[in-house]
Structure formats: C-alpha cells, structure tokens
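Chemist: The structure's right below; bear with me while I get my questions together.
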Amino acid sequence: MEKSLVLVKPDGVQRGLIGEVIARFERRGLRLIGAKFLQVSKELAEQHYAEHKGKAFYDGLISYITSAPVMAMVWEGPNAVAAIRQTVGSTKPAEAAPGTIRHDFALEVGRNLIHASDKPETGEREAALWFKAEELVAWSRAVDAWIFEQ
Ligand code: DAT
Ligand code: MG
C-alpha cells in the first residue's frame, strides 16, 4: 500500500485547520497509520527539505516550518501519493484548483498550509524520517473492502 507523509504546517495549525485537513483525507477513504504533533527542529527541517538547499526560498522555508508546531501524519491507500497531492493542490495556492486544500485555504506559496510527499519513494523516505517504525500502525478497517478494490 502506498504511503504519504502529510504535514499540517504551522500556518494550518495556528489557523485551526488540522481537523479540516484530516476530515478531507478520511472522507476520501485514505487510512491514517501514524500521527504526531511536534515542534520541528532545524535538523529535521533541513533533512526534510534537503532537495531545496541552495534555492532562494530555502531559508524562508526552514524558518516557516520551524516557526510553530506542525501536525505530522502518514496516510496510506492505493495511489495514495497522487490522490493526496490532488486533494492538496498545486504548490502555489493561486494556481491550485478550486476545491483543493491550498485553493480553499491559502493565497501564498510561503504559507501554503500543507506538505504531502511527491512520489511513492518520497513517501517511504519521509515516513521513515518523521516516524519510528513502531509509531506506524498496521491496521485494517471493517469498511476497507468498500473503499479498496483489492
Ligand atoms: P510542494 O510543497 O508542493 O511539494 P516543493 O517541494 O516544490 O512543493 O517545495 C517545497 C515548499 O517550498 C513549498 O511547499 C513552498 C516552498 N516553495 C516552493 N517553490 C517556491 C517558490 N518558487 N517560492 C517560494 N517558496 C517556494
Ligand atoms: Mg515537495
């Protein structure tokens, strides 16, 4: 089953949108397998955003993600990465499709409210970076057969 890390970033937490984000993924049928609320260290932020090191927005990105607590989660499901990115919307909120989280709750790329893994391999890597193996729960729901074809 594909996994994606999802972060409700500091702006989403401050604005009281954790529940809204969780509700959208639950409603979509995705299965939550890990969650924690934490203040992100500079070290974790730098590891998480290593691919962006050296870019003009990198310093701002690190200070944004470490500025206040985040809600970190791992969600799984068939094609979970693409499905979650679709629900999240484009990186720049002004380009995000109506109905997506970034469209519905954000205006600026530097306050785009949420992170989601961009590829299945990234989902695995980010889940392992943010969560210990024992913090991820393998479980099934009675309703799974009505949401997952296999
Ligand atoms: P995403 O978060 O949609 O995966 P990304 O991985 O390309 O986007 O970039 C990570 C974050 O960095 C993004 O959520 C916001 C910030 N960012 C990306 N491109 C930016 C830009 N051109 N200007 C300012 N911030 C940017
Ligand atoms: Mg990304």
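Every number in this text was worked out from the coordinates using simple rules, so none of it is lab data. All figures in this text were calculated on a predicted structure; none of them were measured in a lab. Heads up, the Cβs are rebuilt from the backbone with ideal geometry, glycines too, and the neighbour counts pull from every protein chain shown.
Chemist: Pick from Gly89, Gly99, Gly60: which is closer than 25 Å to Phe37 by Cβ and over 15 Å from the mean Cα position of the chain (by Cα)?
Modeler: Gly60
Chemist: Let me ask something else. Of everything in the range 46-88, what is within 15 Å of ligand 2 (Cβ to nearest atom) and among the charged types (D, E, K, R)? Give them in sequence order.
Modeler: Listed by number, the residues that qualify are Glu46, Glu51, Lys53, Lys55, Arg85.
Chemist: Take Ala83 and tell me if it is away from ligand 1 (no atom under 14 Å from the Cβ), closer than 22 Å to Arg24 by Cα, in a helix (DSSP H, G or I) and touching a Gly at 6+ places or on another chain (Cβ under 7 Å).
Modeler: It is true that Ala83 is away from ligand 1 (no atom under 14 Å from the Cβ), closer than 22 Å to Arg24 by Cα, in a helix (DSSP H, G or I) and touching a Gly at 6+ places or on another chain (Cβ under 7 Å).
Chemist: Here is a list: Glu26, Glu46, Glu51. Which entry is out of contact with any strand residue (DSSP E or B) (no Cβ under 9 Å at 6 or more places or on another chain), loosely packed, with under 15 Cβ neighbours inside 10 Å and in a helix (DSSP H, G or I)?
Modeler: Of the residues listed, the single one that is out of contact with any strand residue (DSSP E or B) (no Cβ under 9 Å at 6 or more places or on another chain), loosely packed, with under 15 Cβ neighbours inside 10 Å and in a helix (DSSP H, G or I) is Glu51.
Chemist: For Ser117, which of the numbered conditions (1) within 13 Å of ligand 1 (Cβ to nearest atom); (2) touching a Phe, Trp or Tyr at 6+ places or on another chain (Cβ under 9 Å); (3) in contact (Cβ under 8 Å) with a residue 24 or more places away in the chain fails to hold?
Modeler: (2)
Chemist: If the requirement is being farther than 14 Å from Ile114 by Cβ, of a type in the set (D, E, K, R) and free of Cβ contacts under 8 Å to residues at least 12 places away in the same chain, which of these qualifies: Glu2, Glu46, Glu51, Glu76?
Modeler: From the options Glu2, Glu46, Glu51, Glu76, the qualifying one is Glu51.
Chemist: Taking the options Val88, Val6, Val74, name whichever one is in contact with a Leu (Cβ under 8 Å, 6 or more places away or on another chain) and either more than 20 Å from Gly123 (Cα to Cα) or β-branched (Val, Ile, Thr) (or both).
Modeler: Val74
Chemist: Could you figure out which of (1) farther than 19 Å from Ala127 by Cβ; (2) without any contact (Cβ under 8 Å) to a residue 24 or more places away in the chain; (3) away from ligand 1 (no atom under 15 Å from the Cβ) isn't true of Thr100?
Modeler: (3)
Chemist: Okay, moving on. Any idea which of Ala80, Ala116, Ala35, Ala45 is more than 12 Å from the chain's Cα centre (by Cα) and of a type outside the set (Asp, Glu)?
Modeler: Just a single option satisfies the conditions, and that option is Ala45.
Chemist: Contact list please: Cβ distance under 7 Å, first residue in the range 125-147 and within 28 Å of Ala50 (Cβ to Cβ), second residue assigned to a loop (DSSP other than H, G, I, E, B) and polar (S, T, N, Q), pairs at least six apart or on different chains.
Modeler: If the second residue must be assigned to a loop (DSSP other than H, G, I, E, B) and polar (S, T, N, Q), the pairs left are Glu126/Ser117.
Chemist: Can you name every residue in the range 45-75 that is among the basic types (Lys, Arg) and within 11 Å of ligand 1 (Cβ to nearest atom)?
Modeler: Lys55
Chemist: Which is assigned to a loop (DSSP other than H, G, I, E, B) and crowded, with 18+ Cβ neighbours inside 10 Å, of Val74, Val40?
Modeler: Just a single option satisfies the conditions, and that option is Val40.
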